[in-house]
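Peer 1: Just passing along the structure, written as structure tokens.
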Amino acid sequence: MDDTLIAVFTTLPDEAGARALAEALVRARLAACVQLHAIASVYEWDGAVQHDAEWRLLAKARATDWPALRDFIAARHPYRLPAIWRAPIEASDGYAAWVRQQTARPPAA
């Protein structure tokens, strides 16, 4: 089994939605921890440059959970085209063990 850890990122339009999604990810044990950051985004959409305040979520998770995590976020995301992406991470042994412990779920029956 691949025990690699990943950082999963997405952005949401408001703090309340970001907090709700972060809590749902932790409760579902798809993420050990989710950090929220207020950010400013500049991008082109519908032919115009947009300037928006957003909330970035950074979730620490297992690579093996990526498909479920991605689908969980997409199903709850308010954007028509949400950015949901991942990057591999290396962590200290103790922190990595904690992430794995927090995201452990009983096997499906």
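Taken together, the values in this text are just the output of simple stated rules run on the coordinates, not laboratory data. If you're wondering where the values come from, they're calculated on a predicted model, not measured in any experiment. With ideal geometry, Cβ positions are generated from the backbone for all residues, glycine too; neighbour counts draw on all protein chains shown.
Peer 1: Show the residue pairs meeting these rules: Cβ distance below 7 Å; 6+ apart or different chains; first residue within the range 38-53 and farther than 14 Å from residue 14 by Cα; second residue hydroxyl-bearing (Ser, Thr, Tyr).
Peer 2: As it stands, the answer is 50/43, since those pairs meet every condition given.
Peer 1: Right, something else. If I go through the range 47-100 residue by residue, how many of them are of a type outside the set (A, V, I, L, M), surrounded by 10 or more Cβ atoms within 10 Å (Cβ to Cβ) and under 16 Å from residue 3 (Cα atoms)?
Peer 2: Residues meeting the conditions: 9.
Peer 1: Checking the structure you have, find out if any residue of the range 11-19 is among the small types (Gly, Ala, Ser), free of Cβ contacts under 8 Å to residues at least 60 places away in the same chain and touching a Leu at 6+ places or on another chain (Cβ under 8 Å).
Peer 2: yes
Peer 1: Based on this model, can you work out whether residue 97 counts as in contact (Cβ under 8 Å) with a residue 12 or more places away in the chain and of a type in the set (A, V, I, L, M)?
Peer 2: No.
Peer 1: Can you pull out the residues in the range 54-82 that are aliphatic (A, V, I, L, M), assigned to a helix (DSSP H, G or I) and in contact (Cβ under 8 Å) with a residue 24 or more places away in the chain?
Peer 2: 63, 68, 69, 73
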